[in-house]
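Visitor: Input: one structure, supplied below.
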Amino acid sequence: MKKRVLGKTGVEVSEVGLGAWQLGADWGSPLSIEEAHRIISKSVEHGVTLIDTADVYGAGRSETIIGEAKKHMDGSLFVATKQGRAPGWEPTYEVMKEHALASCQRLQVETLDLLQLHCIPFSVLQQGDVFLHLERLQKEGIIRFAGVSVESVEEGLFCLQQPVVSMLQVIFNIFRQKLVDALLPQAAEANVGLFARVPLASGLLAGKWTQEHRFRADDHRSFNANGECFNVGETFAGLPFSKGVALADEVKSMLMSEEADGTMAQRALRWVLDHPAISAVIPGASSLQQAEDNALVSGQPSLTEETHQELRAFYSEHIASHIRGPY
């Protein structure tokens with residue numbers, strides 16, 4: 001497993017992390033606590049040292065599971081969590097401190113490695129108070145580093161100007177390439193690290209679904225398919241499902257035309273890592289096999305420049321116009 005530095009934090013983590021939304025078990029197929037622990041262990045076994053979670057994932061369940069898992073490890077696991085979407089959250093210092101301390105308790109730590117604002121409204125970010133609150137939490141030793149999970153390039157560029165921000169978390173995958181020119185160079189210049197979330201476009205870029213596939217009613221790929229509950233970009237990267245399936249079929253032919261090992265999902269994750277401004281890609285895993293496959297991407301060869309150019313042209317000509325939501 002190769003490592004990369006998280007921007008100006010100076011901290012090195014595995015370039016493939018584990019996204020822990022599914023560990024909360026509040027959407028999709030149920031995931032037991034025991035299986036969640038096994039997925040974390042399998043990831044760590046393959047060199048993963050970064051987990052990204054949030055206080056709202058399973059109403060704290062994800063953080064609690066990670067906290068228990070860390071007790072049996074050597075302390076090398078870097079846990080990034082988020083706040084801003086749980087019930088009762090407000091952009092005041094008192095509430096932010098309360099929620100941060102609650103995360104500390106669930107994660108069984110005195111100081112959070114990284115606290116990220118969780119896709120809060122841009123208008124709240126622009127007011128500026130939340131960044132002052134993060135600075136205060138940092139000075140008080142409640143958090144080591146601060147970051148922001150953003151929905152759009154505009155939000156990201158604004159956050160890059162805030163001195164306390166060490167990390168940005170962005171939706172970045174083959175279906176959402178606007179960031180290649182509009183944010184990645186700027187983040188690198190500011191020495192702000194980047195986490196790439198939704199790297200497989202909610203599974204579309206694994207290339208396994210047909211137009212007839214249906215998701216469980218409690219799966220966000222069903223209840224948020226058109227942005228009914230939160231930003232549509234978090235589900236299928238903002239593409240309508242049927243369009244995404246068709247586009248994924250065409251992307252597959254480009255990714256798998258090379259004589260290289262790996263599944264389509266692994267090649268799609270490799271595409272993300274081929275961008276040096278990305279500090280880590282954070283795919284989720286709902287099985288031991290997925291956890292292992294994700295981690296193995298670090299050791300796989302980069303896509304050829306020809307493939308990158310082909311995918312870039314395909315995005316511009318056939319994908320960009322279909323992306324919905326703030327971007």
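Visitor: Is there a residue being of a type in the set (Val, Ile, Thr), in contact with a Leu (Cβ under 7 Å, 6 or more places away or on another chain) and part of a helix (DSSP H, G or I) anywhere in the range 289-301? Steps first, answer last, please.
Guide: Of all residues in the range 289-301, those of a type in the set (Val, Ile, Thr) come to 297.
Still in the running and in contact with a Leu (Cβ under 7 Å, 6 or more places away or on another chain): 297.
Subset that is part of a helix (DSSP H, G or I): 297.
Scanning the range 289-301, I find at least one residue that is of a type in the set (Val, Ile, Thr), in contact with a Leu (Cβ under 7 Å, 6 or more places away or on another chain) and part of a helix (DSSP H, G or I), so the answer is yes.
Visitor: So, of the residues in the range 70-85 that are surrounded by fewer than 18 Cβ atoms within 10 Å (Cβ to Cβ) and within 21 Å of the chain's Cα centre (by Cα), which turns out to be farthest from residue 46 (Cα to Cα)?
Guide: Only one residue tops the list, namely 85.
Visitor: Can you find, within the range 201-236, the residue that is surrounded by the fewest Cβ atoms within 10 Å (Cβ to Cβ) among those that are acidic (Asp, Glu) and in a loop (DSSP other than H, G, I, E, B)? Please lay out each step first, then the result.
Guide: Going residue by residue through the range 201-236, those that are acidic (Asp, Glu) are 212, 218-219, 228, 234.
Retained after the next criterion (residues that are in a loop (DSSP other than H, G, I, E, B)): 212, 218-219, 228.
Working: 212: 6, 218: 12, 219: 16, 228: 11.
Step by step, filter the range 201-236, then rank; the result is 212.
Matching residues to (1) surrounded by fewer than 20 Cβ atoms within 10 Å (Cβ to Cβ); (2) closer than 26 Å to residue 164 by Cβ:
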| residue | (1), (2) |
| --- | --- |
| 9 | no, yes |
| 14 | no, yes |
| 39 | no, no |
| 50 | no, yes |
| 98 | yes, yes |
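Visitor: Restricting the first residue to the range 108-137 and requiring it to be in contact (Cβ under 8 Å) with a residue 12 or more places away in the chain, which pairs with a second residue that is in a loop (DSSP other than H, G, I, E, B) and among the basic types (Lys, Arg) meet a Cβ separation below 7 Å and a spacing of at least six or different chains?
Guide: 108/71; 118/85; 119/85
Visitor: Here's another thing I want to ask about it. Determine which single condition residue 263 fails, assuming it passes every other condition in (1) buried (at least 21 other Cβ atoms within 10 Å of the Cβ); (2) over 17 Å from residue 215 (Cβ atoms).
Guide: Against the list (1) buried (at least 21 other Cβ atoms within 10 Å of the Cβ); (2) over 17 Å from residue 215 (Cβ atoms), residue 263 comes up short only on (1).
Visitor: Now for a different question. Quick test of your reading of the structure: residue 91 fulfils all but one of (1) without any contact (Cβ under 8 Å) to a residue 12 or more places away in the chain; (2) assigned to a loop (DSSP other than H, G, I, E, B). Name the failing condition by number.
Guide: That leaves (1) as the condition not met.
Visitor: Could you check the range 191-220 and list, in sequence order, the residues that are more than 16 Å from the chain's Cα centre (by Cα) and without any contact (Cβ under 8 Å) to a residue 60 or more places away in the chain?
Guide: 207, 208, 209, 210, 211, 212, 213, 214, 217
Visitor: To continue, here is another question. Looking at (1) polar (S, T, N, Q); (2) assigned to a helix (DSSP H, G or I); (3) more than 17 Å from residue 323 (Cβ to Cβ); (4) within 20 Å of the chain's Cα centre (by Cα), which one does residue 253 not meet, given that it meets all the others?
Guide: (4)
Visitor: So in the range 11-42, with the set limited to residues that are assigned to a loop (DSSP other than H, G, I, E, B) and modelled with pLDDT of 95 or more, which one is nearest to the chain's Cα centre (by Cα)? Steps first, please.
Guide: Here is the first cut: in the range 11-42, the ones assigned to a loop (DSSP other than H, G, I, E, B) are 11, 15, 17, 20-21, 25-32.
So of that shortlist, the ones also modelled with pLDDT of 95 or more come out as 11, 15, 17.
Details: 11: 18, 15: 12, 17: 9 Å.
Restricting to residues being assigned to a loop (DSSP other than H, G, I, E, B) and modelled with pLDDT of 95 or more, the top hit is 17.
Visitor: If you don't mind, there's one more thing I want to ask. Among the residues of the range 172-179, is there at least one that is in contact with a Cys (Cβ under 8 Å, 6 or more places away or on another chain), of a type outside the set (Val, Ile, Thr) and crowded, with 19+ Cβ neighbours inside 10 Å?
Guide: no
The values are calculated or read from the model by the stated rules, or taken from the named source; none is laboratory data. What you see is a predicted model, and the numbers here were worked out from it, not measured in a lab. Glycine gets a Cβ as well: all are built from the backbone with ideal geometry, and neighbour counts include every protein chain shown.
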